[in-house]
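J.: Shown below is the structure under consideration.
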Amino acid sequence: MLELEATNTHLYPGATGTILSGEPVSGPVTLRFADGGGAAGTLSGEVLHTAPYTTAAGTGITAKSWQIAFDGDRFRITARAAP
């Protein structure tokens, strides 16, 4: 399983972070955010699908899909993707 840590409280085009464990291959993903929140997701090729989650401040984030690029132990969200 791939475990990612984002540098912010949510994902958006330009958001970055690090790979905490695992390899960037298709399959389940666990996301951790800067505020201590987290979300489940799935990596399918270069698309990251995230399940709905709530930030630590209580903001609800809907399920979304993102184009994601990996470079060594870092990742970057490059664009919104179709669900």
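J.: Which values of log₁₀ I(q)/I(0), to two decimal places, follow from the Debye formula for the chain at q = 0.18 Å⁻¹ with a uniform point scatterer at every Cα?
T.: -0.64
J.: Out of 48, 20, 75, whose Cα points farthest toward the positive end of the dipole of the chain (charges: +1 Lys, Arg; -1 Asp, Glu; placed on Cβ)?
T.: Value computed over the given set: 48.
J.: Pick from 20, 43, 11: which residue has the top mean-square fluctuation in a GNM of the chain where Cα pairs under 10 Å get a spring?
T.: 20
J.: While we're on this one: Of the residues 56, 39, 15, which exhibits the maximal mean-square fluctuation in a Gaussian network model of the chain defined by a 10 Å Cα contact cut-off?
T.: It is 56.
J.: With springs connecting C-alpha atoms under 10 Å apart, model the chain as a Gaussian network and identify which of 58, 37, 17 has the largest mean-square fluctuation.
T.: 58
J.: Can you give me the distance in nm between label points at residue 32 and residue 3, each placed 7 Å from the Cα along the Cα-to-Cβ direction?
T.: 0.6 nm
J.: Quickly work out the residue 20-to-residue 46 label distance, labels modelled 7 Å from Cα along the C-beta direction, and quote it in nm with one decimal.
T.: So the two model labels end up 2.7 nm from each other.
J.: Could you order 12, 53 by accessible surface area, starting with the largest, using a probe radius of 1.4 Å? Before the final figure, lay out each step's value.
T.: Numbers: 12 75, 53 20 Å².
Largest accessible area first, the list is 12, 53.
The values are calculated or read from the model by the stated rules, or taken from the named source; none is laboratory data. These numbers were taken from a predicted model, which means no experiment stands behind them. Heads up, the Cβs are rebuilt from the backbone with ideal geometry, glycines too, and the neighbour counts pull from every protein chain shown. Protein only, heavy atoms only, side chains kept; ligands, DNA and RNA dropped before computing areas. Shrake-Rupley method; radii C 1.70, N 1.55, O 1.52, S 1.80 Å.
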